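Participant: Provided herewith is a single structure, encoded as structure tokens, for subsequent inquiry.
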Amino acid sequence: MLILFVILYFAVTLAIGFYANAHITGGRDFINAGRNLHPVVNAFALFALWFGSETLFGASAEFAESGLAGIIEDPLGAILCLLLVGLIFARRMYRLNFLTLGDLFRHSYGPKIEMIASILMTLSFVGYIAAQLLALGMMLQMLLGWSLPLCMLMALGIVLLYTTSGGMLAVSLTDFFQSVMIIIGITIIAVYLTPHNMDAKQIVASLPDSHLQFWPENHITSWLNWLAAWMALGIGSIVSQDVFQRVNAARNENAARSSSLAGAGLYALFSILPIYIVWMINLQHPHINTHLQMSLPRLVMEQMPLGLQILFFGSVVSAILSTCSGAILAPASLLAENIIKPLWPQKLSDSKLLLVTRLSTITMGLLALWVALGSEKIFDLVGTSSAFGVVSIFVPYTMALFRKSNDKAAALTSMLTGSAIWALCYFILHTQVNATIYGLAASCLGWWAGKYHRIFK
């Protein structure tokens with residue numbers, strides 16, 4: 001019965017994608033939904049963008065292990081990102097009327113910088129998409145008993161079917177539908193798991209003191225790593241194409257701003273529920289290892305009635321599908337618009353651009369699947385992808401947006417220096433201080449070094 005309902009849910013999702021396809025006339029419609037999304041739909045799309053595998057499984061497992069310190073990156077950093085976008089970035093982003101962030105780099109720094117920035121931004125999404133495919137694969141494996149690679153391939157096929165059909169409109173409409181499923185499902189499960197003999201004070205009192213420790217230890221390394229956790233999603237995702245795409249799809253700049261702030265509010269309200277659910281599991285079923293990222297679905301399968309199982313798996317599949325579809329469409333847009341299109345020998349018509357974007361969507365999905373097949377931990381994949389955006393793109397993006405800078409040398413040295421130092425510290429040196437700190441510092445220094453070079457050339 002449970003499997004039947006999951007199949008029915010997939011069918012509804014695909015139907016929405018095919019409906020959206022009838023409203024797609026070219027590449028621009030495919031990428032930004034004709035800039036005509038209703039503010040409510042857009043707000044839920046921004047909420048669904050964040051409410052994915054890392055929120056359901058990663059953050060909840062991190063809280064079970066480390067308490068408040070473990071959830072600074074997500075959900076707290078994600079909330080910070082949407083607040084900053086709404087308060088500072090949304091209006092300016094919308095006024096530019098670009099299809100992609102790569103267009104901003106071309107406008108500010110020229111086609112060569114556009115190409116390099118787009119490649120870096122595209123690469124930053126691979127791990128993020130892989131995390132969603134890994135989570136979806138694990139869920140389907142639990143339901144069907146098939147091998148994990150086969151389940152991940154099946155998950156990718158479903159996402160690609162409706163994403164390539166309807167583009168941003170399909171993603172946004174399914175995000176709305178899936179967000180409703182998420183909110184209903186996890187709210188009912190949270191209420192179901194709340195003990196009748198415990199009030200809010202008793203629940204808080206049940207937490208170890210270490211889990212309530214929000215501030216870092218009084219040590220420079222601890223403070224820098226705490227700051228890096230905030231930065232990973234808090235500022236790293238500001239320069240994310242999927243955030244930009246959703247903001248750009250709004251009806252006007254006021255709607256872009258309000259939908260970002262509303263998305264932040266929705267995420268702040270509901271992202272706490274998976275964490276709460278896992279802690280209730282920890283209290284009531286201490287034999288289950290809640291530090292494991294898939295402990296929650298296992299408990300649901302073993303301990304809950306069929307109705308709640310249907311609600312839970314519907315919610316989880318909704319959350320991950322919505323995040324995965326947007327995460328695939330974003331780099332595919334960059335790949336088509338800012339990497340393939342400039343290299344095409346002839347000018348691409350809008351219909352050909354649409355075809356190229358759809359093929360790029362499939363390409364990004366397959367690349368992420370390859371990464372997912374060699375990965376195990378969802379939270380790490382998401383964190384690494386976001387951190388790469390901080391160290392490579394944030395500085396030249398901010399300068400282009402607010403200073404209308406055309407310092408090509410500064411942009412180039414900032415991107416390359418930040419990326420190189422971060423990779424060195426993360427993959428080779430394994431520094432005690434988070435590599436994001438070194439990468440962002442190097443990116444800032446690279447900017448000013450490039451600017452100095454331009455002045456005295």
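Taken together, the values in this text are just the output of simple stated rules run on the coordinates, not laboratory data. What you are looking at is a predicted structure, and each value in this text was computed from that prediction instead of being measured. Reconstructed Cβ throughout: ideal geometry from the backbone, glycine too, with neighbour counts over all protein chains shown.
Participant: Which of rounded, prolate or oblate describes segment 114-228 when judged by the alpha-carbon gyration tensor and an a/c cut-off of 1.5?
Facilitator: Because a/c hits 1.5 or more and a/b fails to exceed b/c, segment 114-228 counts as oblate.
Participant: While we're looking at this one, here's another question. If all Cα-Cα distances of the chain are sorted into 20 Å bins from 0 onward, what percent lands in each bin, rounded to whole numbers?
Facilitator: 26, 58, 15, 0
Participant: Rounding to the nearest 20 debye, state how big the charge dipole of the chain is about its Cα centre with +1 on each Lys and Arg Cβ and -1 on each Asp and Glu Cβ.
Facilitator: About 1760 debye.
Participant: While we're on this one: Placing +1 at every Lys and Arg Cβ and -1 at every Asp and Glu Cβ, with all other atoms neutral, what dipole size does segment 192-322 have around its Cα centre, in debye to the nearest 20?
Facilitator: Its charge dipole is roughly 300 debye.
Participant: Could you pull out every one of the lysines with an alpha carbon less than 17 Å from that of Lys341, ignoring same-chain neighbours closer than 8 positions?
Facilitator: Of all the lysines, those that pass the test against Lys341 - Cα under 17 Å, at least 8 places apart if same chain - are Lys112, Lys352.
Participant: Once Lys and Arg get +1 and Asp and Glu get -1 on their Cβ, which of Thr100, Val6, Gln303 lies farthest toward the positive end of the dipole of segment 2-381?
Facilitator: The residue sitting farthest along the positive end of the dipole is Thr100.
Participant: Let me ask another. Exposure proxy check: Phe89, Phe125, Phe427 ranked by fewest other beta carbons within 10 Å?
Facilitator: Lowest count first: Phe427, Phe89, Phe125.
Participant: Provide the gained length on full extension for the span Met294 to Thr221, in nm with one decimal, where the gain is 0.36 nm per separating residue minus the Cα-Cα distance.
Facilitator: 23.2 nm
Participant: Follow-up question, since we're still on this one. Would you list the membrane-span-like helices of the chain, meaning whole DSSP H runs whose alpha-carbon atoms span at least 20 Å along their axis and whose mean Kyte-Doolittle value is at least -0.5?
Facilitator: 2-21, 111-144, 148-193, 220-234, 253-270, 306-334, 350-373, 378-392, 408-423, 435-456
Participant: Could you please state, rounded to a whole Å, how far the C-alpha centre of segment 316-331 is from the C-alpha centre of segment 35-79?
Facilitator: For segment 316-331 versus segment 35-79, the Cα centre distance is 12 Å.
Participant: Let me ask something else about it. Report the local net charge at His285: Lys and Arg +1, Asp and Glu -1, summed over other residues whose C-beta lies under 12 Å from its C-beta.
Facilitator: Charge balance in the 12 Å sphere: 0.
Participant: Projecting each Cα onto the charge dipole of segment 69-151 (Lys/Arg +1, Asp/Glu -1 at the beta carbon, about the Cα centre), which of Ala135, Cys81, Ile71 comes out farthest on the positive side?
Facilitator: The residue sitting farthest along the positive end of the dipole is Cys81.
Participant: State the answer as a single residue: which of Thr323, Leu153, Val40 lies farthest towards the positive end of the charge dipole of segment 2-381, with beta carbon charges of +1 for Lys and Arg and -1 for Asp and Glu, about the Cα centre.
Facilitator: So the residue furthest toward the plus end is Val40.
Participant: Can you compute the FRET efficiency between Lys112 and Val191 using 1/(1 + (r/R0)^6), with r the Cβ-Cβ distance and R0 = 60 Å? Round to the nearest 0.05.
Facilitator: It comes out at approximately 0.60.
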